[in-house]
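Structure record follows, encoded as structure tokens.
The values are calculated or read from the model by the stated rules, or taken from the named source; none is laboratory data. Everything numeric in this text was worked out from a predicted model, so none of it was measured. Glycine gets a Cβ as well: all are built from the backbone with ideal geometry, and neighbour counts include every protein chain shown. Note: accessible area is taken over every heavy atom of the protein model, side chains too, but ligands, DNA and RNA are not part of it. Shrake-Rupley method; radii C 1.70, N 1.55, O 1.52, S 1.80 Å.
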Amino acid sequence: MLFSLLTAVICTGLFAQSADKAKDLLKANNLAGAKDEIDKVLLVEKNQKNAEVWYTKVKIYNAIAADSTLKKQYPDALVQSLDALKKYTQFDDKKSILLAADGYKPVNEIYKGLFESGAANYNAQKWNDAYIDFSNAISAINFMYKQGWIKQSMDTTSLLYAGISAEKSDKRDDALIYYKTIADSGITKIGGNDMAEIYKWLSDYYTRKGDKTNAAKYIALGKSKYPNDIFYDELQLDVLRKTGPKDSLFAKYEEINKSHPDSAIYYFNYGLELYQYATDTSTGKRVANSDELIKKAQEKLQTSLKLNPNYPQASLVMGQIAYNEGVEFQVLGKPKGNTNASELKQRQDYRAQSAKKFDEAIPYLEKVDQILGTQTKLKKVDKVALRDSYDMLVTIYESKKDQAKIAFWTDKYNNVDKVH
């Protein structure tokens, strides 16, 4: 018994001496030696329940993380320090007296070091390393808040950059966690940066996943924060365009026209989709209410032009509708050999209607030329619109046998690429 008691006293003294030695080495700035000593002390099971030993490790590992040379050798020093800090609070029965005596400096060092490392890696485009650093900074903040050391529970900047870094590391499911935290808190700005893209990202993420409940949630949340952003309407339209019945798509357009009555583009898009659906013959024939839909398409396009008279695409489609109807009447009015007086009269009527429709198309097609034909540099889509307008005008004047106009518009058609 005496031998056992003496052994225990000697061992305890050695353990304490080793911890004191680690502290002395830290004071002497022998960080490598201090690390070796504290690691040895913590190999002893009994010392693993000693709060002061863990706190000593915190201070040593913080110092290592602040040393430019040792930091490269031990890149996880701050993470280990955070783990040691958690152990310190677990076994501390003096209510963090050591930490308070140091003015909570080690706590701030851990968070600051992790955040600065994350920022450096982010700027160097080391996305995965940045993600790890920022996520650990968030973990540090959360722990500090639970301990009552800070009043604010959310580090919004780290949340944002943890999410971005995760996304850039192709870890979309991890990015989701941080983006959701931001959006669910209702934040719209972080450090002067607008969070509009976060709400869009979440809406798109759940839409792609087919999660209708969460998609609806974040679409509604995004629209409430950014009511003038057309992204959410476009997202819903795209889903209905791909998966929903046309009635649902058109109903959504009606809703958008009411909520955005001054948006020329939405009236144009609606009119275009109505016309495309009304004239679709992929099933062998047009839909039963084709004529009604075409008329409605024209009304929507007219509204678009009233809102924006200089929108060339709307003028082009209005011209195309009248032109296509003119071509249909032209085909019906072609002679077919021997005919009786009634059939001849009907074909004459068709040709008259064709000429009328062609005349309706001319002002719209010429408007395209007035808007785009006067520009020297055009985008590809505008070049296509201009060339299509010229092509239709040539055909129209061929039906009228107007050689001067045929030559005029043919010349413009042939020189679109050269002039524009």
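Per-residue Karplus couplings for the stretch 204-221, computed as 6.51 cos²θ - 1.76 cosθ + 1.60 with θ equal to phi - 60°, are listed in order as 5, 4, 6, 5, 5, 6, x, 8, 5, 5, 6, 4, 4, 4, 7, 5, 5, 5 Hz, Gly and Pro entered as x. A Gaussian network model of the chain, with springs between Cα atoms under 10 Å, assigns the largest mean-square fluctuation among 358, 231, 408 to 408. Taking 0.36 nm per residue of separation and subtracting the Cα-Cα distance, full extension of the segment from residue 360 to residue 102 would add 84.3 nm. Residue-wise HN-Hα couplings along the stretch 31-48, as the Karplus relation 6.51 cos²θ - 1.76 cosθ + 1.60 with θ = phi - 60° gives them from phi, are 5, 5, x, 4, 4, 4, 5, 5, 5, 5, 4, 7, 6, 7, 4, 5, 6, 6 Hz; Gly and Pro carry x. Applying 0.36 nm per residue to the separation of residue 287 and residue 352 and subtracting their alpha-carbon distance, the gain on full extension is 20.8 nm. The distance linking the stretch 73-135 with the stretch 173-216 is 28 Å (Cα centroid to Cα centroid, whole angstrom).
Between residue 336 and residue 229, what is the FRET efficiency for a Förster distance of 60 Å, r being their Cβ-Cβ separation, to the nearest 0.05? For R0 = 60 Å, the calculated efficiency reads 0.60.
Shape of the stretch 104-199 from the C-alpha gyration tensor: oblate (a/c of 1.5 or more and a/b not above b/c, with a ≥ b ≥ c the square roots of its eigenvalues). With a 10 Å cut-off between alpha carbons and a GNM built on the chain, which of 404, 196, 51 moves the most? Greatest mean-square fluctuation among the candidates belongs to 404.
Each residue of the stretch 235-248 is assigned a 3J(HN,Hα), and the resulting list reads 5, 5, 4, 5, 5, 5, 5, 8, 10, x, x, 4, 4, 5 Hz, derived from the Karplus form 6.51 cos²θ - 1.76 cosθ + 1.60 (θ = phi - 60°), x at Gly and Pro.
Multiplying the residue separation of residue 128 and residue 72 by 0.36 nm and removing their Cα-Cα distance gives an extension gain of 18.5 nm. Measuring between their Cα centroids, the stretch 242-275 and the stretch 383-416 lie 32 Å from each other. Legend: translational diffusion of the stretch 112-262 by Stokes-Einstein, Rh = Kirkwood radius over C-alpha pairs, 37 °C, 0.692 mPa s; D = 193 µm²/s. Shown are 356, 71, whose ranking by accessible area with a 1.4 Å probe and every protein chain present, most to least, is 356, 71.
An oblate overall shape is assigned to the stretch 161-208, the ratio a/c of its alpha-carbon gyration tensor axes (a ≥ b ≥ c) being 1.5 or greater and a/b not exceeding b/c.
With all pairs of separate Cα atoms included, the stretch 237-388 yields a Kirkwood hydrodynamic radius of 17.2 Å. Cross-link pairs exceeding 32 Å between alpha carbons, from the set 223/383; 200/300; 336/356; 180/300; 27/95: 223/383; 180/300. Per residue, the average separation of C-alpha pairs within less than 8 Å and at least 6 apart gives the chain a relative contact order of 6 percent. Normalised Debye scattering of the chain at q = 0.08, 0.14 Å⁻¹ gives log10 I(q)/I(0) of -0.69, -1.22, counting only Cα atoms as equal scatterers and leaving out solvent.
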